[in-house]
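*Asks:* Please find one structure pasted underneath; my questions will follow.
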Amino acid sequence: MTEYPPISEQLSADDLESARTEGRRKMDWADQHMPIMNALRDSFEADQVLEGERIAMAMHVEAKTAILVEVLADAGAEVAVTGCNPLSTHDDVSAALDTHERITSYAKRGVDDEEYYDAIHATLGLEPTITVDDGMDLVAAVHEDYPELIDGIVGGAEETTTGVHRLRAMDDDGALEYPVFAVNDTPMKRLFDNIHGTGESSLASIAMTTNLSWAGKNVVVAGFGYCGKGVARKASGQNANVIVTEVEPRRALEAHMEGYDVLPMAEAAEIGDVFITTTGNRDVIVEEHFEGMKDGVLLANAGHFDIEIDLEALVDLAVDTYEARDGVEAYELEDGRRLNVIAEGRLVNLAAPISLGHPVEVMDQSFGVQAACVREMVENGDEYGPGVHEVPDELDKEIAEIKLEAEGVEFDALTDTQREYMGSWDHGT
Ligand code: RBV
């Protein structure tokens, strides 16, 4: 197993002290706004539901994620955590987490590829019984590099669309050898985190990074999945003129019926002021598109990996590149046009220097489902065979009910007659 030092051994003694204090302060703020995680912490801790478990995690290590990590550790598990993107870690939060007696954090911002994977491998030194991923890098490392760990793993949970997509491809190949919950696909995750979370945090990060307005801009949203819908809706709400690009006919139609302009990227490229990719696929904005763009455009990616904007082609086209602002790299073309790439084309809502990730409230929901899935794997893991599994609806509803109670929202229950009616087929006209 790779030797890689935890964050506490990577920062100087002076930096470490202040980082821990600041990291804890960020976590306390998040915690104050996470009623679901607080409720789960109380019950998990009282019953020590994860006692004896060892959990490896690769996620965006910032304040909200830290609350999830802490809840799992307070429930009795040993946890080793690292980042799932080289730019999304908050070192202070990572340092604060690492003070917990049952948590080791290897996450550090700005790591290169080698350090990134060394840290992933270091978490597996824990010989996990559970893996929690955002993007599937842990599952991949286990299967490719440490298959001997598979027998000891009860199961895993996956946070994001791209990770679930990769897992399904692996499952289709018959290569996935333990059960993994598709947390992303639950209503409590997707309808809130993907739509509102990605929409709000991507736009907020771009606006704060550039100090530019949305009003009156042509905003090109590539992909009209859950994330694209959120970005389009929120941009429209900020008075932008939204243009959607799609490859799926029903989604293109849906975007059209929502009132957005739908265009091929080649045409959108020529009129867009801001481009935001949310497809989960590669090569969405490429050389032919750069060639048609206006001077001063902003290019940002809200998909999990940095493959949607072809930066290599842009580097080749550019005669000069320079840091135009913190988190903005300008690529100057031969004819003088400047194309501005935000956060190196990485997940913009987490990877720009001022990015904070999704709002606390939505991560409370997503991580509530994550925690419930970890508990389910520990309690009933034997019932799930190798492969990708839907999260049981009851767990998702449990998380919704905790949130509704915390918000003081009451709702109805079916009467017996209604339940009977819904289960019957013989009542016609
Ligand atoms: N995401 N995490 C945060 N911790 O601030 N913000 C977004 C955070 C997750 C989100 O659930 C999405 O599915 C995933 O990041 C993409 O990597």
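The values are calculated or read from the model by the stated rules, or taken from the named source; none is laboratory data. Just so we're clear, the structure is a prediction, and the values are computed from it rather than from any experiment. Virtual Cβ from ideal backbone geometry, glycine too; neighbours counted across all protein chains shown.
*Asks:* Output the residues belonging to segment 361-377 that are out of contact with any Ser or Thr (no Cβ under 8 Å at 6 or more places or on another chain) and of a type outside the set (Asp, Glu).
*Replies:* Within segment 361-377, Val362, Gln365, Ser366, Gly368, Gln370, Ala371, Ala372, Cys373, Val374, Arg375, Met377 qualify.
*Asks:* Quick check on segment 48-81: of everything there that is farther than 14 Å from Ala107 by Cα and within 13 Å of the ligand (Cβ to nearest atom), which residue is surrounded by the fewest Cβ atoms within 10 Å (Cβ to Cβ)?
*Replies:* The selected residue is Ile67.
*Asks:* Okay, moving on. If I go through segment 352-368 residue by residue, how many of them are part of a helix (DSSP H, G or I) and within 10 Å of the ligand (Cβ to nearest atom)?
*Replies:* Of the residues in that region, 6 qualify.
*Asks:* Here's something else I'd like to know. Quick check on segment 212-248: of everything there that is in a strand (DSSP E or B) and among the aliphatic types (A, V, I, L, M), which residue is surrounded by the most Cβ atoms within 10 Å (Cβ to Cβ)? Steps first, please.
*Replies:* So the first thing to find is which residues in segment 212-248 are in a strand (DSSP E or B), and the list is 218-222, 241-245.
Retained after the next criterion (residues that are among the aliphatic types (A, V, I, L, M)): 219-222, 242-244.
Values: Val219: 26, Val220: 31, Val221: 33, Ala222: 28, Val242: 26, Ile243: 23, Val244: 25.
Checking each candidate, the answer is Val221.
*Asks:* Surrounded by fewer than 23 Cβ atoms within 10 Å (Cβ to Cβ) and more than 21 Å from the chain's Cα centre (by Cα): does that describe Ala122? It would help to see each step written out before you state the result.
*Replies:* Details: surrounded by fewer than 23 Cβ atoms within 10 Å (Cβ to Cβ): yes; more than 21 Å from the chain's Cα centre (by Cα): yes.
In short, yes.
*Asks:* When both residues are 6+ apart or on different chains and their Cβ atoms are under 6 Å apart, which pairs have a first residue that lies in segment 47-65 and is among the small types (Gly, Ala, Ser), and a second that is near the ligand (Cβ under 8 Å from one of its atoms) and part of a loop (DSSP other than H, G, I, E, B)?
*Replies:* These pairs meet every condition: Ala58/Cys84.
*Asks:* Can you name the condition, by its number, that Asn184 falls short on among (1) outside the structural domain of Gly381 (by TED's automatic domain parsing); (2) touching a helix residue (DSSP H, G or I) at 6+ places or on another chain (Cβ under 7 Å); (3) surrounded by 23 or more Cβ atoms within 10 Å (Cβ to Cβ)?
*Replies:* Failed condition: (1).
*Asks:* Given Leu167, Leu149, which one is modelled with pLDDT of 95 or more, over 13 Å from Val388 (Cβ atoms), assigned to a helix (DSSP H, G or I) and not assigned by TED's automatic domain parsing to the domain that holds Ala232?
*Replies:* Leu149
*Asks:* Just one of (1) touching a His at 6+ places or on another chain (Cβ under 7 Å); (2) in a helix (DSSP H, G or I); (3) within 16 Å of the ligand (Cβ to nearest atom) trips up Leu191, so point out which.
*Replies:* Unmet condition: (1).
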